[in-house]
1. Taking Leu395, is it surrounded by fewer than 22 Cβ atoms within 10 Å (Cβ to Cβ) and in contact with a strand residue (DSSP E or B) (Cβ under 9 Å, 6 or more places away or on another chain)?
2. Give the number of residues within region 252-266 that are touching a residue at least 40 places away in the same chain (Cβ under 8 Å) and under 14 Å from Lys213 (Cβ atoms).
3. Are any residues in region 1-19 in contact with a Lys or Arg (Cβ under 8 Å, 6 or more places away or on another chain) and either in the same structural domain as Val109 (by TED's automatic domain parsing) or part of a loop (DSSP other than H, G, I, E, B) (or both), and if so, which ones?
4. How many residues does region 25-63 hold that are surrounded by 14 or more Cβ atoms within 10 Å (Cβ to Cβ), assigned to a helix (DSSP H, G or I) and touching a residue at least 24 places away in the same chain (Cβ under 8 Å)?
5. What's the number of the only condition in (1) crowded, with 16+ Cβ neighbours inside 10 Å; (2) farther than 30 Å from Ala327 by Cβ; (3) not polar (S, T, N, Q) that Ala415 fails to meet?
6. In region 82-97, is there at least one residue being buried (at least 24 other Cβ atoms within 10 Å of the Cβ) and either outside any helix (DSSP H, G or I) or without any contact (Cβ under 8 Å) to a residue 60 or more places away in the chain (or both)?
7. Just for region 303-330: of the residues that are among the polar types (S, T, N, Q) and not in a helix (DSSP H, G or I), which one is farthest from Arg374 (Cα to Cα)?
Amino acid sequence: MSGYRIERDSMGELQVPAKALYGAQTQRAVNNFPISGLRMPREFIRALGLIKAAAAQANGDMGHLPKALAREIRKAAGRVAVGEFDAQFPIDVFQTGSATSSNMNANEVIAHLASNAGVKIHPNDDVNMGQSSNDVIPTAIQVSAALAVSEQLLPALAHLHATIDRRAKELRKTVKTGRTHLMDAMPVTFGQELSGWSAQIDSGIARLNETLKRVRALPQGGTAVGTGVNADARLGPMICKELSKATGLKFTSAENFFAGLSAQDAAVELSGQLKTLATALMKIANDLRWMNSGPLAGLGEIELPALQPGSSIMPGKVNPVIPEATAMVCAQVIGNDAAITIAGQSGNFQLNVMLPLIAYNVLQSIQILANASRALADRAIAGFKVREERIKQTLDRNPILVTALNSVIGYEKGAAIAKQAYKQGRPILDVALETSGLSRSTLMQLLDPAALTKGGVHGGSGG
């Protein structure tokens with residue numbers, strides 16, 4: 001019993017660990033939800049601290065909260081925001097759908113810390129003044145997501161984009177066999193192939209920036225059901241102003257608090273953009289895996305950096321571990337999006353009741369996409385080596401090069417040449433020289449792989 005103290009809330013008395021900074025409502029949630037062992041993410045706790053500090057400042061400025069109390073709440077909330085007390089947030093992700101328990105967890109910890117400064121502070125009446133879990137938690141989701149995208153994901157994507165562009169420039173003249181349906185197609189340069197990756201990442205960045213405009217429109221001030229009951233009408237906009245000042249991001253009040261509380265459309269939209277980004281990264285990761293396949297029996301076009309042994313039984317085997325890890329991240333993000341989509345549908349009348357799940361999955365998706373993007377840039381794309389001799393060998397024997405002769409000899413004759421070259425395993429130039437009636441110099445000009453990467457018609461009209 002000496003390891004516990006008695007705390008009280010509106011439901012009565014409860015034992016709480018003696019050293020805990022939280023109170024009875026947090027402990028009830030710990031007792032009620034021993035489900036996954038997963039806790040609310042650091043970014044979410046940071047957002048709760050920022051919101052509580054902003055609310056204390058606003059309530060103090062408006063004269064609703066004594067200055068001394070507002071000052072101590074703001075200081076304590078600031079310490080929560082920077083992560084000093086994350087261990088004091090023990091509640092499972094799978095809890096009450098409004099995450100009231102997590103809001104009260106923050107209120108209790110901040111009240112406890114602030115009261116230690118010599119002033120008596122109540123978690124509901126003071127720390128939670130003018131607020132409800134029903135507007136605090138949706139706001140915390142949007143603040144934490146906006147910060148995580150802006151501080152983690154967008155910089156990581158910018159780094160990946162720059163890395164791809166640098167390699168594309170380096171390899172702009174290196175020609176390789178193009179592939180459609182995984183089958184040989186007309187030649188492209190590595191620079192052109194990588195430019196496709198670059199465009200995908202660039203579009204992902206643009207989509208995220210567009211979505212963030214809506215994520216930064218906060219429902220704080222709607223309180224219990226969207227009407228703003230028990231809150232000064234000025235509170236929501238003032239909290240947005242304080243949050244903007246504290247973070248450097250521009251937060252605004254949502255135009256409609258009812259939508260902000262009952263729906264999670266901004267989070268669902270953001271998750272959709274994260275899913276789109278995940279599909280782009282998986283495409284890039286799988287291109288790298290195919291290009292690296294072999295080294296003898298696969299495509300063998302590139303060598304990825306060798307990072308670790310690839311087999312516990314086959315000596316010397318090295319695997320494309322970073323693209324594989326990236327692909328798994330993408331699968332997780334796509335799965336997270338499915339859960340978030342279902343959760344977004346769970347707004348019943350005036351409140352969504354899957355808020356903790358949305359918070360956890362959105363923030364996990366942002367974090368792992370950011371980390372995977374940096375790993376893909378630094379440990380795969382930046383350091384892969386092109387196997388130029390292997391590429392030239394396969395390019396010279398690519399029967400699809402005959403496409404360049406269509407305008408001179410026609411499709412049917414070109415198809416016959418391609419089939420013969422493939423069947424005999426001979427370069428297309430040699431077979432075409434025997435059967436097309438064209439000179440070697442003309443054929444060399446028409447079948448020049450580098451010239452073919454520039455598009456257009458090479459060598460006259462017809463066909």
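The values are calculated or read from the model by the stated rules, or taken from the named source; none is laboratory data. Just so we're clear, the structure is a prediction, and the values are computed from it rather than from any experiment. For neighbour counting, all protein chains shown are included, and Cβ atoms are generated from backbone atoms with ideal geometry for every residue, glycine included.
1. yes
2. Total satisfying the criteria: 2.
3. Of everything in region 1-19, those that are in contact with a Lys or Arg (Cβ under 8 Å, 6 or more places away or on another chain) and either in the same structural domain as Val109 (by TED's automatic domain parsing) or part of a loop (DSSP other than H, G, I, E, B) (or both) turn out to be Met11, Ala18.
4. Going through region 25-63 one residue at a time, the tally reaches 24.
5. Against the list (1) crowded, with 16+ Cβ neighbours inside 10 Å; (2) farther than 30 Å from Ala327 by Cβ; (3) not polar (S, T, N, Q), Ala415 comes up short only on (1).
6. Within region 82-97, one or more residues are buried (at least 24 other Cβ atoms within 10 Å of the Cβ) and either outside any helix (DSSP H, G or I) or without any contact (Cβ under 8 Å) to a residue 60 or more places away in the chain (or both).
7. Of everything passing the filter in region 303-330, Ser312 is farthest from Arg374 (Cα to Cα).
Let's see how each residue does on (1) β-branched (Val, Ile, Thr); (2) not assigned by TED's automatic domain parsing to the domain that holds Ser271:
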residue	(1), (2)
Asn361	no, no
Ser365	no, no
Arg379	no, no
Leu401	no, yes
Val408	yes, yes
Tyr422	no, yes
Ile428	yes, yes
Ser439	no, yes
